[in-house]
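First the structure, in the form of structure tokens, and then the observations on it.
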Amino acid sequence: MLLVRKPQGPAWTPVMGAEVLFAPIDRSMLMRARRAARNVSASEGEDDGTSAIDMLEEMGDAMSRALITEGAQDWRGVCLMADEGDEGAGEALPFSAENLAMALADPVTFEAFDAAYVVPFVTAEREREEPGNDFAASPSGIGAAAMPDSDTASKRASRTRGAGATNARTSSKSRRPRPKKASGAS
């Protein structure tokens, strides 16, 4: 079944005590981010001693950085601290491409942005693209995988006398007891 989602608008997402306005990740953003990851791969030489794992991590970081840079549109509650020992609230930092790049240069901040924006998107895409997962449960819980068949009861209903109705199918597969054979009979 082909599922089409309505495009959503930008949403404020909490990141390390601040809020960042992120645009939803769309196909064109994903293509540009993949291109950025390929550029990192192409720029690395084959003989520079970089392991395949390190290369994949660098490509993943480049892809995340490209998505965050393009997706972040505004923020509130972001402050510039004077130095490590600064305990005050700091100076409010206005949103700009330069200030975003400065924030993403810090590994802890980059990981927080990545966890808040890119990781949820990638996780949802992996679940949707899993082989044999054509009917993945939807977030609202009404997907085919989340709900039993409409003609399946969760448990047997108590039988009323004289109703003449048969039992409904249930999700359990327990066998009905068979009558015991009389002793000595073959």
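Taking residues in region 94-110 that are in contact (Cβ under 8 Å) with a residue 24 or more places away in the chain, and partners anywhere that are aliphatic (A, V, I, L, M) and not in a loop (DSSP other than H, G, I, E, B), the pairs with Cβ atoms closer than 6 Å and at least 6 places apart or on different chains are 100/72; 109/103; 110/104.
The C-beta contact set for region 22-36 (first residue free of Cβ contacts under 8 Å to residues at least 40 places away in the same chain and among the charged types (D, E, K, R), second residue assigned to a helix (DSSP H, G or I) and buried (at least 16 other Cβ atoms within 10 Å of the Cβ), distance under 9 angstrom, 6+ apart or interchain) comprises 32/66; 32/67; 32/70; 34/63; 34/66; 35/66.
Results for (1) modelled with pLDDT under 90; (2) out of contact with any Phe, Trp or Tyr (no Cβ under 7 Å at 6 or more places or on another chain), shown as yes or no for each residue.
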| position | (1), (2) |
| --- | --- |
| 2 | yes, yes |
| 7 | yes, yes |
| 10 | no, no |
| 20 | no, no |
| 32 | no, yes |
| 36 | no, yes |
| 40 | yes, yes |
| 51 | yes, yes |
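The values are calculated or read from the model by the stated rules, or taken from the named source; none is laboratory data. As the structure is a computational prediction, the values presented were derived from the model and not from experiment. Every residue, glycine as well, gets a Cβ built from its backbone with ideal geometry; the counts of neighbours run over all protein chains shown.
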